[in-house]
Each structure stands twice: as C-alpha cells, then as structure tokens.
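First the structure, in the form of structure tokens, and then the observations on it.
The values are calculated or read from the model by the stated rules, or taken from the named source; none is laboratory data. Predicted model, so just to flag it, every value in this text is computed and none were measured. Neighbour counts are summed over all protein chains in view; Cβ atoms, including those assigned to glycine, are modelled from backbone coordinates with ideal geometry. The protein model used for the area step is the full one, side chains on, heavy atoms only, and it has no ligands, DNA or RNA in it. Shrake-Rupley method; radii C 1.70, N 1.55, O 1.52, S 1.80 Å.
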Amino acid sequence: MIKQLLLSAVFLLVCNVQAQDELTSKLYETYDDYKESSIGKRRIKHADIQPLIEKFKANPKFEVQKVGESIQGRDLHLISIGSGDSNIFLWSQMHGDEPTATQAIFDILNFLDAPEFKEEKEAILSKLKLHFLPMLNPDGAEVFTRRNALGIDINRDALRLQSPEGQTLKRIRDSLDADFGFNLHDQSKYYNAERTDKPATISYLATAYNYEKDINDVRANAMKVIVFMDKIIQNYAPGQVGRYSDDFEPRAFGDNIAKWGTSLILIESGGYQGDPEKQEIRKLNYVSILSALYTIANQSYKDIPIEDYEKIPHNNRMLFDLKIENVTYELLGKDYIIDLGIINYEVDLKGHNEFYYKSSVADQGDLSTYYAYKTFDAEGYTIVQPKVAKEARIDNPMQLLQDGVAYVKTEKPEKSTFVHFPLILVDEKFELKSFSMQPGANPTFFLKKDGKLTHAVVNGFLIDLSKPLEQQNTGNGLINGK
C-alpha cells in the first residue's frame with residue numbers, strides 16, 4: 001500500500017512537472033502576443049506608463065488604486081487581480097535606471113487580461129491575489145538614475161523611512177502581509193556566472209533576514225521557487241543564471257521584508273549578448289515570473305529540495321565588453337604582451353531618452369581570469385598609434401580607417417558630443433603628441449599583423465578593416481574626444 005502511494009505521488013509529480021514545462025514553452029513561444037509595444041526601450045518614464053495604468057483602471061478585471069506619490073509628486077499605483085487567499089506582491093524600478101521588470105509587469109498584465117491560457121490563469125487567480133507596483137521610483141526614472149529626488153537609495157531606506165516611496169512600499173507590504181514578494185531590479189551587464197564566460201543574464205536571491213543567514217520556512221520557500229525559476233531560464237539562456245550575494249544588509253527592503261515574514265525573491269536582470277535594450281531579458285522575466293506564480297498557486301515548489309539553491313553559481317563581476325588578448329605593445333623600444341579589458345559606458349543625452357557610448361580601458365595586463373562579450377585573440381598583432389588627418393568632409397570613414405586615420409580635423413556638428421560613424425573629430429589645433437595605453441584612456445588605436453593594418457579600435461569598438469562598416473557593430477565616434 002505504501003509503495004503504491006509513493007508511486008502515485010511520483011507519478012503526480014512527474015505529470016505536474018511536464019504540465020509546467022509545457023506551460024513555460026507556450027509562454028515563451030506566444031510572448032509577442034502580449035508584449036506591451038508602447039514601452040520598447042529601457043529609458044521609459046512615468047508618463048509612458050500612465051496610459052497603460054488608465055487602461056487597466058477602466059478594466060473591471062483589475063483593481064487599480066493610487067497608493068502614494070514620489071517626492072516630485074508623481075503618482076504611485078497598485079494594480080491588483082485575482083480572488084485567492086494568498087497575496088503576492090511584486091514591485092519594480094525601486095532604482096530609476098532599472099526598468100526591465102517594469103516592462104515585463106505590463107506584459108504580464110496584458111497576459112492576465114487576454115482570453116488565452118484560461119485554465120492556467122484560473123489556476124493562478126483562484127488561489128492567489130496578485131499586486132503589482134510598477135516604477136516605485138518615477139523621479140529617478142525621469143532622469144534615468146538610481147537614486148530618488150532626495151538623492152538617496154530607496155533600497156537603503158527600510159529602517160529610517162525618509163522617502164515617501166519607501167513609506168509607500170512599507171505600508172503596502174504591511175497591509176497585504178504577502179506570502180511572497182518579488183523585488184525586481186536590474187544589475188550591471190558586467191556580472192557573469194561564477195568562473196564562466198557566461199553573463200549573469202538573470203540573478204536570483206532568497207534574501208537573508210539576519211547576519212547569520214539562517215534559513216527558516218519563509219526563506220526556504222523563496223529558495224525553492226528560485227530553483228524552479230532557474231530551471232526555466234536554463235532552457236533559454238543556459239549557464240546564464242547567477243546567485244546574488246546573500247550578505248545581510250539591515251537597511252535594505254528585501255532583507256527586512258524577509259524578516260517581516262514575506263518569502264522574498266530578488267530578481268536582477270543583467271546582460272545578454274546582442275540585447276542592449278534588454279528585450280530578451282524582459283521576455284525571460286515574463287516567462288519565469290508567470291511560471292513562478294503558477295508553481296506557487298499549485299504549491300508544487302514545496303517538493304523542491306533547498307539544497308539545489310546552493311548549486312546555482314554565484315554572481316561574479318568579471319566581464320568586459322571587449323577583451324583583446326595577447327597583443328604586442330611597444331613601450332620605450334621594448335615589446336610587451338598585454339591584455340586589454342574595455343568597457344563601453346553609456347552617456348545619456350539631454351532628456352534621458354537616448355545615449356551614446358564613451359568607452360574606456362578598464363584594465364590591462366594579465367586578464368586571463370576575465371571574460372568579455374567579445375574576445376579577440378591578438379597573438380602576433382601589434383598596437384599601432386592612430387594618425388591624424390584633415391578632411392573638408394567625411395565621405396568614406398572606412399577608407400580613412402584603412403589608411404590608419406582615427407582622428408579627423410573637419411567641420412564638426414554643433415552642440416553634439418558624438419557622431420554615428422567610427423572616427424574621432426577634433427579641432428584644428430589638435431595634436432596627438434603622445435600615445436600610451438593606460439587604464440582610463442579612451443581606447444582608439446590600430447592593430448597590425450605581418451606589416452599590414454587589419455583592425456581598428458575606435459572608442460572601444462573593434463572594427464575589421466576587411467569588412468564593410470554596415471556589417472559590423474561599430475558603436476559611435478566622439479567629438480573632441482568628449
């Protein structure tokens with residue numbers, strides 16, 4: 001009899017796992033049907049989401065209420081749906097420059113409003129009541145910066161509660177007494193899964209509630225759901241999941257919310273190859289969060305061993321945008337072999353809707369323990385100083401590059417700091433008096449092999465001189481090196 005019961009339990013578990021795998025696959029395949037197309041880039045603002053909030057406010061399926069205001073008077077809204085007894089609280093963009101999950105929340109809301117997946121949505125909404133607070137820091141989002149208008153990090157205000165945004169978050173958490181909380185963030189794209197060249201596209205954390213990092217039932221439940229979500233992400237970004245540090249931070253909301261009795265799941269959206277606007281990562285948020293809600297509703301997560309949580313690799317920050325390995329660098333008449341690690345920093349334009357790249361040598365020397373989104377083995381190649389030329393107009397940037405020219409004296413666009421082609425525009429008086437590779441320098445130089453220039457690096461982007469520019473990601477050039 002006992003054996004039969006065990007076999008039945010195993011059979012039901014297998015069937016449940018298969019059903020969840022099928023659901024996840026369908027969610028991924030049909031994502032474009034629910035993606036909110038009006039917010040397709042990262043630099044979204046409060047005004048961009050107001051029409052969406054109004055749409056759900058007019059929809060009887062949803063409860064929408066104003067729950068607070070930011071320091072500068074922007075409304076904060078809570079959007080709720082479901083009739084279950086278990087409250088689930090999800091909030092995003094506590095940091096104004098971390099919008100990926102805000103976009104995913106509106107994709108999820110579109111899904112919940114659609115007629116498809118009726119059975120699965122009934123399973124979720126009959127057991128759970130979902131509460132979404134998108135864009136907790138709209139003042140920071142307005143200027144695409146981490147902190148709020150007071151200049152403080154809201155995620156370090158859980159104890160003092162000086163920010164109205166933090167006060168709102170605390171009040172809602174307390175009123176809901178949510179069983180699960182999803183704390184939705186973005187992390188730097190330069191995090192990798194520990195000891196691998198894979199970016200930590202998604203990182204998770206079951207937040208500690210004390211310095212000892214004890215595991216009670218509340219934290220254990222978060223760990224189990226994270227293991228479930230990790231397995232989902234592995235289907236679409238294998239090896240690209242990290243585990244965020246669980247060092248206890250007594251001022252942080254996540255740590256305190258776990259301490260107050262909510263199973264806290266931190267989700268950090270990192271980097272993904274060829275996805276500068278994080279739209280694939282947005283999709284992974286959508287799929288993994290909806291799948292997590294499904295496993296919470298049917299409680300299948302409870303059968304997951306928490307030991308599997310420790311198997312998720314730690315986050316590590318060992319990535320560059322471009323790594324040039326084993327290149328020969330001549331200094332004072334002697335050749336040295338070095339590696340270069342290059343970062344393409346984003347600089348916002350006025351209005352904080354667009355940006356350009358201003359790159360830097362982040363490190364150089366032996367970088368054999370580091371990785372990059374793009375790695376070029378330059379063994380046998382030598383770094384060559386770029387030339388300066390004077391041109392009345394620039395009709396053929398590639399020809400200049402093939403001639404070893406990266407700096408051009410020419411008429412420059414007014415009130416601009418960059419150009420869309422890979423050259424550095426300079427003043428008439430400009431002279432390249434000295435050339436050296438140093439951390440912090442703008443990486444603009446050439447590579448030579450067997451006496452021939454083969455590649456240019458302009459503002460940190462590697463350009464193959466044998467291929468048309470339009471077939472390559474050449475970033476942008478700069479004006480006066482600014």
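Among the residues making up the range 368-380, a single one is crowded, with 20+ Cβ neighbours inside 10 Å and either over 21 Å from Thr201 (Cβ atoms) or polar (S, T, N, Q) (or both): Ala378. Taken over the range 313-334, the criterion of being free of Cβ contacts under 8 Å to residues at least 24 places away in the same chain and assigned to a strand (DSSP E or B) is satisfied by Lys334 alone. Exactly one residue out of Tyr211, Tyr236, Tyr244 is open to solvent by 40 Å² or more (accessible area, probe 1.4 Å), at pLDDT 95 or above and in contact with a strand residue (DSSP E or B) (Cβ under 9 Å, 6 or more places away or on another chain), and it is Tyr244.
Within the bounds of the range 425-433, is there any residue that is in a strand (DSSP E or B), open to solvent by 80 Å² or more (accessible area, probe 1.4 Å) and out of contact with any Phe, Trp or Tyr (no Cβ under 7 Å at 6 or more places or on another chain)? Within the range 425-433 (the criterion being in a strand (DSSP E or B), open to solvent by 80 Å² or more (accessible area, probe 1.4 Å) and out of contact with any Phe, Trp or Tyr (no Cβ under 7 Å at 6 or more places or on another chain)), the answer is no, since none of the residues qualifies. Scanning the range 73-123 for residues that are open to solvent by 10 Å² or more (accessible area, probe 1.4 Å), assigned to a strand (DSSP E or B) and of a type in the set (S, T, N, Q) returns Ser86, Asn87. Taken over the range 396-412, the criterion of being under 37 Å from the mean Cα position of the chain (by Cα) and modelled with pLDDT under 95 is satisfied by Lys412 alone.
Every listed requirement among (1) under 19 Å from the mean Cα position of the chain (by Cα); (2) closer than 20 Å to Gly475 by Cβ is met by Met318 save one, (2).
Each residue in the range 31-71 was checked for being surrounded by 14 or more Cβ atoms within 10 Å (Cβ to Cβ) and assigned to a loop (DSSP other than H, G, I, E, B), and 13 of them qualify. Could we say that Gly151 is of a type in the set (Gly, Ala, Ser), more than 21 Å from Lys278 (Cβ to Cβ) and crowded, with 23+ Cβ neighbours inside 10 Å here? So Gly151 does not fit the description; no. Among the residues examined, Ile343 qualifies as assigned to a strand (DSSP E or B) and open to solvent by less than 20 Å² (accessible area, probe 1.4 Å).
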